[in-house]
């Protein structure tokens, strides 16, 4: 049963310079206990997607159309107050940089207890108990000491665990994690990913893991959606997608991972740059950089389903015979 | 990447500045005031300090009153029979003159001191900055009062007091900005080219330190004018022979109770408009030149 | 923590000492020192006698030493016009000034911080822009002119409030205060408002700038993601962050408030230290001037020390950094 369903979501930013279509017709769904990876470069719209689901898009941005269904109810129909009740309770978010997201002048326990008290009618002591347990679950030793500390007294990995603990406090149905391990070293990264995966399975929480790092996705996500210039260009089960990418962009992303490189060979890159979302031309957004592009790509490709589990937005997928001219 | 050519920073600043209508109003008002102040002898209906033209019988007339020789006192007359409008124009001249002169001198001194402190570092910088900090921890009015109490009265003493009050602020700002710039690579490059120190200081460091200074100087002119007005009001400022707006207001203070408000009110409004315009312009300049608010 | 306090106190003492030297040198170097200590109407014979008696023919550093000794004993000369020790005179007038300054500071804080918060949270609304425009007027208007206008409106035209003096005072812990009786309050209102206006505008602008910056921070977005109410976010998260620089400013500005009281006291004939200073300058009562400056300097040093301590108490990052050092 899908806990979170996003249907044709469009979030645009109405700036002085023009309309920026950060999220342009995005659809996906996540089941309980599963992890969905949302992959893309900076500016692909993945963070804005997360904020749109949470209802945290600020002016000049606005959700223009689409539906976001949490356990069947459309979040976009909710009032601000109702949304606030859901945030931190049924649906939680973990941000990228825990130093900036934890308030530097408030103690850890203050910031955890207030999250509980905002949504549950319990006493302060009970809230502290819940906080302590949550810290234990994310693997923080001697939680009592940590709770009395200030954010800057903890290491980066520790702070991020606290952020995860905060997200888990009220047993949400969905957690959106926006690049939570990007700011950490690789070893801590691995630990945290492991913990998160374990917790998701144990609690049955659905997760959306936003990242630009394909290697994280490979080890963590059950399903992947690849985003480019505000649209999902390919999606499917992780192993299948990584082994048999169908969109040229996905293939380019996989190829550009340094560890896949042969020693001494030049690193593979996708030529060109991500287009400015202000001046998007109609048609496939990737065609200026795609070796397989031709006149057919000037109309925006519709979503196709080459197999029941895979979705694709491309008229020249890699399963076709080679069309590219570069050779 | 961008289609337009590189536009001069001055044009960009001007365009950004013009985004605020309030600031433009302030700027227009300021220009008007400057014209009036500089051309006071030309635009005033009367020279209020030429005793030959005054008649004591004209004194304390309300706004709109007529003088004995047919001149209209648009804003009334004071207790000596002087036309308030003319007195205000001349007063503007003096207030603006003193304020601007003091600010410019303080700016020059502060600039030099700050650059020296930032460039040479070490104990030179430490000593200078201790002095600056010490002075800045005391309110300007106190320093000015004590100085004037010891030095006595006179226009030059006032200017000295105003300069003394202001220079430390510039010195600290310049030194801060210069320290940031000094660590940047273009200075290193200039040093490698063995350019002489004064040359580096003036041609390379100075232009980059200027923007925050411009903002501060603008607002400080307003502050200097207000301070001079306050000092004159307290009787320690400008002598009666060259009355600034502050002195005019002080003169009118005693007549306030008897209902002859115009002797104090209109110079006060003139002072107010001047200071507010300067602050409006300075405010917008600060927002425009602030790198952290760059869109 | 204790080390921190002791270190700051030592620094303050050194600053005080340096200031005393500066004042001594300044006062004694600029004018004829005998003028400081003797009634300007004295004749030649008296001057000669006093010069010897006061030891003004001794070398400078001996004089400074004696000056310091006298100062530490609380003796800074006698006022000419009042004929009582200068220090005593100033301390008599101090409560009036301090009460005025405290009242003004309170007004500025109670009005300024909430207004600034509102202006910072919704910077594009009409009332926010009105608050900002008002604040520009607030610090552009010279204090003395506002005082005049207040008197004109409330005393001359409306006749609601008295324009001079302190009115009836009651004694609290041995010190006469105005705010405990209605007549005193009526006399206190205009001067306090006058003095408060500048600081009020400053606080509004400061709070607004801090709030605007704070609202853009990640921790605010995170707090919203946790589902906290706006009231809690602004009242706890934002406020605690912006309070730190604001408290520092308030503390430092308190000293300047006492100084600017000079103008307000003159206009409203409020019998405080400031008015005393102006009167003394006008009659060349130099012992009082010197005493005033020295006492104010002491006050400033003490205030700076207290602000430093308060700052370290409020910002946990500073406290811990000091503890490690």
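The values are calculated or read from the model by the stated rules, or taken from the named source; none is laboratory data. As the structure is a computational prediction, the values presented were derived from the model and not from experiment. Here Cβ is always computed from backbone atoms with ideal geometry, including for glycine, and neighbour counts include all displayed protein chains.
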Where residues in the stretch B:69-105 are out of contact with any helix residue (DSSP H, G or I) (no Cβ under 6 Å at 6 or more places or on another chain) and in a loop (DSSP other than H, G, I, E, B), which of them is surrounded by the most Cβ atoms within 10 Å (Cβ to Cβ)?
B:82
Is it the case that residue B:276 is facing chain C (nearest Cβ under 7 Å), surrounded by fewer than 23 Cβ atoms within 10 Å (Cβ to Cβ), in contact (Cβ under 8 Å) with a residue 24 or more places away in the chain and within 26 Å of residue B:28 (Cβ to Cβ)?
yes
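When you scan the stretch B:26-38, do you find a residue that is at pLDDT 70 or above, over 15 Å from residue B:278 (Cα atoms), part of a helix (DSSP H, G or I) and out of contact with any strand residue (DSSP E or B) (no Cβ under 9 Å at 6 or more places or on another chain), even just one?
Yes, the stretch B:26-38 contains a residue that is at pLDDT 70 or above, over 15 Å from residue B:278 (Cα atoms), part of a helix (DSSP H, G or I) and out of contact with any strand residue (DSSP E or B) (no Cβ under 9 Å at 6 or more places or on another chain).
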The residue that is modelled with the lowest pLDDT, considering only those in the stretch B:149-166 that are away from chain C (no Cβ under 14 Å) and surrounded by fewer than 24 Cβ atoms within 10 Å (Cβ to Cβ), is B:154
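Please give the helices (runs of 4 or more DSSP H) falling wholly within the stretch C:66-159 in which 3 or more residues are out of contact with any helix residue (DSSP H, G or I) (no Cβ under 6 Å at 6 or more places or on another chain). Write out each step before concluding.
Numbers: elements: C:86-121, C:126-140, C:143-150.
Of the helices (runs of 4 or more DSSP H) lying wholly inside the stretch C:66-159, those with at least 3 residues that are out of contact with any helix residue (DSSP H, G or I) (no Cβ under 6 Å at 6 or more places or on another chain) span C:86-121, C:126-140.
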Test of understanding: among C:254, C:260, which residue is within 9 Å of another protein chain (Cβ to nearest Cβ) and within 19 Å of residue B:145 (Cβ to Cβ)?
C:260
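Do the conditions hold for residue C:176, that is, is it within 21 Å of the chain's Cα centre (by Cα), over 19 Å from residue C:262 (Cα atoms) and in contact (Cβ under 8 Å) with a residue 12 or more places away in the chain? Show your work before the answer.
Details: within 21 Å of the chain's Cα centre (by Cα): yes; over 19 Å from residue C:262 (Cα atoms): yes; in contact (Cβ under 8 Å) with a residue 12 or more places away in the chain: yes.
Criteria met by residue C:176.
Need a quick list: helices (runs of 4 or more DSSP H) entirely within the stretch A:181-246 having at least 3 residues that are more than 23 Å from residue A:54 (Cβ to Cβ) and touching a residue at least 60 places away in the same chain (Cβ under 8 Å).
A:238-243
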For the stretch C:143-158, state whether one or more residues are surrounded by fewer than 19 Cβ atoms within 10 Å (Cβ to Cβ) and either more than 13 Å from every other protein chain (Cβ to nearest Cβ) or touching a residue at least 40 places away in the same chain (Cβ under 8 Å) (or both).
yes
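From the list C:262, C:204, C:267, which one is under 16 Å from residue C:118 (Cβ atoms), buried (at least 20 other Cβ atoms within 10 Å of the Cβ) and touching a helix residue (DSSP H, G or I) at 6+ places or on another chain (Cβ under 7 Å)?
None of the other options fit; the residue is C:204.
Those residues that are within 14 Å of another protein chain (Cβ to nearest Cβ) and in a helix (DSSP H, G or I), I need them from the stretch A:131-150; list them, please.
A:131, A:134
In the set A:61, A:55, which member is surrounded by fewer than 20 Cβ atoms within 10 Å (Cβ to Cβ), touching a helix residue (DSSP H, G or I) at 6+ places or on another chain (Cβ under 8 Å) and modelled with pLDDT under 90? Before you say what the answer is, go through the steps one by one.
Working: A:55 fails: surrounded by fewer than 20 Cβ atoms within 10 Å (Cβ to Cβ).
Every option except A:61 fails the conditions.
Of everything in the stretch A:159-180, what is under 15 Å from residue A:96 (Cα atoms) and not in a helix (DSSP H, G or I)? Give them in sequence order.
Hits for the stretch A:159-180 are A:175, A:176, A:177, A:178, A:179, A:180.
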If the requirement is being at pLDDT below 80 and either more than 14 Å from the chain's Cα centre (by Cα) or under 28 Å from residue C:200 (Cα atoms) (or both), which of these qualifies: C:305, C:239, C:228, C:257?
C:305
Would you confirm whether or not the stretch C:272-294 contains a residue that is more than 14 Å from chain A (Cβ to nearest Cβ), closer than 20 Å to residue C:99 by Cα, under 18 Å from the mean Cα position of the chain (by Cα) and part of a loop (DSSP other than H, G, I, E, B)?
yes
Mind checking whether some residue in the stretch C:134-141 is crowded, with 22+ Cβ neighbours inside 10 Å and closer than 22 Å to residue C:292 by Cα?
no
Unmet criterion (only one of (1) in contact (Cβ under 8 Å) with a residue 60 or more places away in the chain; (2) part of a helix (DSSP H, G or I)) for residue B:108
(1)
Looking at the stretch A:73-97 only, could you name the residues that are without any contact (Cβ under 8 Å) to a residue 40 or more places away in the chain and within 10 Å of chain C (Cβ to nearest Cβ)?
A:80, A:81, A:83, A:84, A:85, A:86, A:87
Criterion first (within 23 Å of the chain's Cα centre (by Cα) and either at pLDDT below 90 or more than 10 Å from every other protein chain (Cβ to nearest Cβ) (or both)) does residue A:100 satisfy it?
yes
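Residue under question is residue A:66, and the condition is that it be modelled with pLDDT under 85, farther than 19 Å from residue C:236 by Cα and more than 9 Å from every other protein chain (Cβ to nearest Cβ); does it hold? Break it down into steps so the answer makes sense when it comes.
Details: modelled with pLDDT under 85: no; farther than 19 Å from residue C:236 by Cα: yes; more than 9 Å from every other protein chain (Cβ to nearest Cβ): yes.
The answer is no for residue A:66.
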Please verify whether residue A:99 is buried (at least 18 other Cβ atoms within 10 Å of the Cβ) and at negative phi, treating the condition exactly as stated.
no
Of all residues in the stretch A:158-183 being modelled with pLDDT under 85 and surrounded by fewer than 20 Cβ atoms within 10 Å (Cβ to Cβ), the one that is nearest to residue A:69 (Cα to Cα):
A:182
Of the conditions (1) surrounded by 21 or more Cβ atoms within 10 Å (Cβ to Cβ); (2) away from every other protein chain (no Cβ under 11 Å); (3) under 22 Å from the mean Cα position of the chain (by Cα), the single one that residue B:270 does not satisfy is (2)
If you go through B:71, B:129, B:84, the only one that is without any contact (Cβ under 8 Å) to a residue 60 or more places away in the chain and closer than 30 Å to residue B:29 by Cα is B:71
Somewhere in the stretch B:118-127, is a residue part of a helix (DSSP H, G or I), more than 14 Å from every other protein chain (Cβ to nearest Cβ) and within 20 Å of the chain's Cα centre (by Cα)?
no
